[in-house]
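Taking it in order: structure first as structure tokens, then the write-up.
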Amino acid sequence: MKTAKKDTKAPAKAPKAAAKPKVAFFDFASCEGCQLQMTNLGELLLDILGAVDVVEFREAISEKWDKDYDVVFIEGSIGDHHAEERLKKIRARAKVLIAYGACACTGGVNGMKNGFELDEIRQSVYGKDYKLFDSTPTRAIDQVVKVDYYINGCPVYPPEIIEVVKHALRGLPYTVPDNPVCSECKLNENVCMYERGVACLGPWTKAGCNSWCVNNGNICYGCRGEVKNPAKNAAKDVISKYNLKPELITKKFEMYNKCKEGAK
Amino acid sequence: MTEIHNSNWKLRKGQIIAAKQMTATEKWFDIKLEDGDLDHEPGQFVQVELYGVGEAPISVCSSPTKRGSFELTVRSAGRLTKHMHSLGKGDWLGIRGPFGKPFPVKLMTGNDLLFVAGGLGIAPLRSLINYVMDNRREFGKVDILLGCKTPTDMLFGDEIKLWQKRMDVNFSCTVDRSAPDWKGNVGLITSLIPGVTINPEKTFGVVVGPPIMYKFVIAELLKKNLPEKQIVLSLERHMKCGMGKCGHCQIDHPKNYYCCKDGPTFTYEEVKDSKKL
Amino acid sequence: MNYHILQKDNLNCFIKSLAKQMKVYAPVAKGYNNFAFEEVTEAEQISMDYIPTILPPKKYFMPPREKMLDFDLNGGKPQDKAVLEAEKLAVFAVHTCDLAGIQCLNMVFSERPRDYNYLLRKENIVIIGLECNKYCDGNASCALVGNHYPNGGYDLFFTDIGDKWIIHVNTQKGEELVEGMGLGKASVADMTALGKVREAKKEAFGNEIGVEPKKLTEVFAKGMDSKVWHDVGSRCVSCGNCTNVCPTCYCFDMTDSINLDMKTGSRNRTWDSCQFETFATVAGGENFREERAHRQRHRYYRKFKYPLDKFNRAFCTGCGRCTRTCMAKINLKDTLKALAAESK
């Protein structure tokens, strides 16, 4: 919005573009599917690449970068001490950090680990020598370092990636919608999953995905995390209206929302 | 795609001709519209469009008697206002408005005036105070009471010094928390009211401040027998459209007021049945 | 009075002929007794016997997301242009409750300062109504608000009189359509059949809550502090379903969107809901309707109190959508009954 400040004598051709922001991608405990979503953006990816310089992205390029980053995307959650140290080092070199995907934002499916005794789960994974393998309860990225932006979802929803990138590049805060998924689902005129006799986590899960799963015939699994002020009492009414067992809902919730504390 | 030439969503273009950080959280802007004066009345507000970021309702803090440009004082509170603080001289804005019902200046003519401003409330009130100053002989006795958290939070300090010096205005202020070089009153703004002489038959009390302040100040004014219809407030809501449609600024009151259209200025008589002021 | 006749067998010709002139949207079955207005090209896609659709036809008059302004920041001073994206279309088989809903929105958006996006879009839409000869289901309360009979608001209006539709032509635009299709005039017998349908409806429909509308106004006048709101609020999910599906809810948000060039973008209007937590929040953080109870009360007052004072009509059309869609069984008829019972 700045006006050209009296340098009318400057040549008509566009001034040399300022250096494009240096962007890097890193992954921790995750399936790396959210990074894949980035490469799946198609034409939009070209637009993003026009606006930024990707300097590190293990899944897509082999280059490395040894200076500071303008923006880093962090996929995955933190599940051992090594990861914690590595994340802190990345944070120290990054101006802006984006928690990218459910694992990074809320702990995601990795949070299910927190439903067990740590040693018990280590033993079942690593066998009798489990003590040799470092492991901590799952933490979301913001339980370890400061997070500037959240892109929720498992996987992330492409239009939201673009929105957050645009906000990050302009230094504007991005607000994750805090209304239930129903608010978007209704606009898509999906037949409510409850009317089909299926429990769906839409009424408690943060919107912002344009009810992507329900549009495609699936229920909402709650991958974007619970809304800040969920209607606790209402769950009873929802369940009784549709003759469903409460466990159906609570069990489903544990898939993505076990690592609660860090839900953002 | 058709162009709508008479759309009420069209923006006037305003350029910031001066800007100044007033306190840690408040910034002042002087804005010149390319198509002439804003042509507002005291107490009205504008919608400020920060292209690509969004629109924020801001009350005009300058008097319409000031021509050529208008002023806004913006507290960095939300996403938009925070962004607005990054703007300065030369930057362009989109402007819609002025909107809203102004202070009842005509009714006030010939009466005594008691202004009570708390915190940022001085911004909308300043549009009226300066109007009254510029038309001083039209009004009776003028008292200005100002309250803020600490001396460094005080807005328009230079102007306040002028008000203090004027013999045709009684000015007093108070701070919630004192500072070493502060020689004035310490305490809530309500503590200043008992000291003011009011002729309830011909006085208008104009009160602008944070929602929490209204209840206590109004109680004090009622104690002074000031009639409800002579207590004028300016209420805060999030006006998103300014046209009485979007619903955000609607007040929980049996009369269904839209703050942007039926307000933001109301008499206490009009809004006393509101669930929240 | 101008009535024409369409044999039921000829409905397909009617739809096809209409679809040649403009896009046609009509109720389509989505399964599980859900219906939605969708684009159709022939009669067999249409459900003429349907309960109110998931979203009302307001989606064509005030789209969930609508561009209001284009802007361009290339160059020093920003440039912008107010725009309208609207196509010529027909909405077919609109129930009387939804016709009433459109009438309500017309009042709101033609009030000054006018909303030309709405008003110009409306001019591009042909509205074809459809009479309900019986209740769609037990959630409706159209008779309470007098919307079980047609009260205008359409170009053409269909009533089922057995093996044919009798069509009331209400506007010149409607007349041109039926004339163009060569539909014959209704006979005296047809008019008698229509009269019988209307007569039978007197029996079939009746005030659904047993409280007179006049009395209801008094109930709301003193119901602001009723405990009914706390009961309703304790159940509300704040999902906004009730307002999204309401034919007369029109609250909106305005947002900016910028393209990746960071220079061009648009200002857009999106549907908003007074049921959302932050709807009445100001930048400083104060929330003027923090409690779900207060937000629900606000919704009811915006149907049964405020618009009566302002537009002299209830903004509840009796369609029953809010009850059908509520995840938490908040029932409009029950709420009204409870409120009335309390004020006795």
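Every read-out reported here was derived from the displayed coordinates using simple, explicitly stated rules and does not represent laboratory data. Note that the structure is a prediction, hence the values are computed from the model and not measured. Cβ sites come from the backbone with ideal geometry, for glycine too, and all protein chains shown count toward neighbours.
Which of the pairs A:Lys186/A:Lys245; B:Lys275/C:Lys59; B:Lys240/C:Lys77 have their Cα atoms more than 28 Å apart in this structure?
From the list (A:Lys186/A:Lys245; B:Lys275/C:Lys59; B:Lys240/C:Lys77), the Cα-Cα distance tops 28 Å for B:Lys275/C:Lys59.
Measure nothing but the geometry: give the 0 to 90° angle between the long axis through the Cα atoms of B:211-223 and the longest principal axis through the Cα atoms of chain B, rounded to 10°.
40 degrees
Based on the alpha-carbon gyration tensor of the range C:45-114 and its eigenvalue square roots a ≥ b ≥ c, which shape applies: rounded if a/c is under 1.5, prolate if not and a/b is larger than b/c, or oblate?
Prolate, since a/c reaches 1.5 and a/b exceeds b/c.
Just to confirm the number: angle between the C-alpha axis of helix A:232-241 and the first principal axis of chain A, 0 to 90 degrees, nearest 10?
Helix A:232-241 and the main axis of chain A meet at about 60 degrees.
Just tell me which lysines come within less than 23 Å, Cα to Cα, of C:Lys196; anything on the same chain fewer than 8 places away is out.
Correct list for C:Lys196: C:Lys8, C:Lys134, C:Lys164, C:Lys185.
Across peptide C:219-230, what mean number of C-beta atoms from other chains lies inside 10 Å of a residue's C-beta?
Whole-number average of other-chain Cβ neighbours for C:219-230 is 1.
So what are the ³J(HN,Hα) numbers for the range B:10-20, from phi and the Karplus equation (6.51, -1.76, 1.60; θ = phi - 60°), rounded to whole Hz, Gly and Pro as x?
In residue order, the calculated couplings are 5, 10, 8, 9, x, 10, 6, 9, 7, 8, 8 Hz.
Anything over 30 Å Cα to Cα? Flag those among C:Lys310/C:Lys333; B:Lys276/C:Lys344; B:Lys32/B:Lys183; B:Lys13/B:Lys245, in the order listed.
Violating the 30 Å limit, Cα to Cα: B:Lys32/B:Lys183.
Give the value in nm², to one decimal: projected area of the alpha carbon convex hull of the range C:3-204, averaged over all directions.
Its Cα hull, projected and averaged over all orientations, spans 14.0 nm².
Give me a single rounded figure for C:116-129: the average over its residues of other chain Cβ atoms within 10 Å of their Cβ.
1
Sort by residue number and report every cysteine in chain C with no other cysteine beta carbon within a distance under 4.7 Å.
Isolated Cys, chain C: C:Cys13, C:Cys104, C:Cys132, C:Cys136, C:Cys142, C:Cys236, C:Cys251, C:Cys274, C:Cys316, C:Cys326.
Modelling each spin label as a point 7 Å along the Cα-to-Cβ direction, I'd like the A:Phe116/A:Glu254 distance in nm, to one decimal.
1.2 nm
Order by neighbour count: A:Met193, C:Met48, B:Met133, B:Met167, fewest other Cβ atoms within 10 Å first, most last.
Listing A:Met193, C:Met48, B:Met133, B:Met167 from fewest to most nearby Cβ atoms yields B:Met167, C:Met48, B:Met133, A:Met193.
Please report the spacing between the Cα centers of the range C:221-293 and the range C:77-111 in Å, no decimals.
Between the Cα centres of the range C:221-293 and the range C:77-111 lies a distance of 20 Å.
Using a ≥ b ≥ c from the Cα gyration tensor of the protein assembly as shown (square roots of the eigenvalues), is it rounded, prolate or oblate, where a/c under 1.5 gives rounded and otherwise the larger of a/b and b/c decides, a/b for prolate?
It is oblate, given that a/c is not under 1.5 and a/b is not larger than b/c.
Between the range C:188-202 and the range B:12-37, how many Å separate their Cα centres?
Taking the Cα centre of the range B:12-37 as reference, the centre of the range C:188-202 is 67 Å away.
Mind scanning B:Lys202/B:Lys223; A:Lys20/C:Lys263; A:Lys166/B:Lys89; A:Lys89/A:Lys166 and naming the pairs with a C-alpha gap bigger than 18 Å?
A:Lys166/B:Lys89; A:Lys89/A:Lys166
For the range C:111-243, what is the charge dipole size about the Cα centre, in debye to the nearest 20, if Lys and Arg each add +1 at the Cβ and Asp and Glu each add -1 at the Cβ?
That gives the range C:111-243 a dipole magnitude of about 320 debye.
Please report Rg over Rh for the range C:213-342, where both radii come from the alpha carbon positions and Rh follows the Kirkwood definition.
For the range C:213-342, the value is 1.04.
From the phi angles alone, apply the Karplus equation (6.51, -1.76, 1.60; θ = phi - 60°) to the range C:300-310 and give each ³J(HN,Hα) in whole Hz, x where the residue is Gly or Pro.
Working through the residues one at a time gives 5, 5, 6, 9, 10, 10, 4, x, 5, 5, 8 Hz.
Just in the range A:42-120: which trypsin sites (Lys or Arg not before Pro) are loop by DSSP and have at most 14 other Cβ atoms within 10 Å?
Filter output for the range A:42-120: A:Arg58, A:Lys64, A:Lys67.
State, to one decimal in nm, how far the label point of B:Asp168 lies from the label point of B:Asn6, with both points 7 Å from Cα in the Cβ direction.
Taking the two extended label points, one gets 4.3 nm.
Over the range A:22-170, what lengths in whole Å, largest first, do the semi-axes of the equivalent ellipsoid take, defined as the square roots of 5 times the eigenvalues of the alpha-carbon gyration tensor?
29, 16, 13
Hand me the trypsin sites (Lys or Arg not before Pro) from the range B:159-195 located in a DSSP loop with no more than 14 other Cβ atoms within 10 Å, in residue order please.
B:Arg166, B:Arg177, B:Lys183
Which longest uninterrupted range of chain A lacks any GluC sites (Glu not before Pro) assigned by DSSP to a loop state (not H, G, I, E or B) and surrounded by at most 11 other Cβ atoms within 10 Å?
A:118-264
Within the range A:162-178, find all residues whose amide N lies under 19 Å from a label point positioned 7 Å from the Cα of A:Glu59 along Cα-to-beta-carbon.
Inside the label zone: A:162-166.
If you average the alpha carbon positions of the range B:38-116 and of the range B:220-277, how far apart do those two centres end up, in angstrom?
Computed from Cα coordinates, the inter-centre distance equals 18 Å.
Which FRET efficiency, nearest 0.05, do C:Asn312 and C:Glu286 yield, Cβ-Cβ r, R0 41 Å?
0.80
How large is ³J(HN,Hα), in whole Hz, for each residue of the range C:160-175 in order, when computed from phi with the Karplus curve 6.51 cos²θ - 1.76 cosθ + 1.60 and θ = phi - 60°, using x for Gly and Pro?
Residue by residue, the range C:160-175 yields 7, 10, x, 8, 9, 9, 9, 10, 7, 9, 9, 9, 4, 4, x, 4 Hz.
Nearest 500 deg cm²/dmol is fine: what mean residue ellipticity at 222 nm does the protein assembly as shown get from its DSSP H runs of n ≥ 4 alone, each adding -39,500 (n - 2.57), divided by its residue count?
Taken over the protein assembly as shown, the calculation gives -8000 deg cm²/dmol.
Which far-off residues, 5 or more places away or on another chain, put their amide H under 5 Å from the one on B:Phe171, with H placed in the peptide plane?
When sequence neighbours closer than 5 places are left aside, the close amide H contacts are B:Ile144.
As I understand it, the value is the acute angle between the Cα axis of helix B:122-134 and the longest principal axis of the Cα atoms of chain B; what does it come to in degrees, rounded to 10?
Roughly 70 degrees, rounded to the nearest 10.
Using only atoms on other chains, find how many Cβ atoms lie within 10 Å of each Cβ of peptide C:55-64 and report the average.
The mean count of partner-chain Cβ atoms within 10 Å per residue comes to 1.
With the cut-off at 1.5 for a/c, could you classify chain C from its C-alpha gyration tensor as rounded, prolate or oblate?
Because a/c hits 1.5 or more and a/b fails to exceed b/c, chain C counts as oblate.
What aspartates and glutamates sit close enough to B:Lys141 to cross-link, taking a C-alpha to C-alpha distance under 18 Å and skipping anything fewer than 8 places away on the same chain?
List returned: B:Asp112, B:Asp168, B:Glu201.
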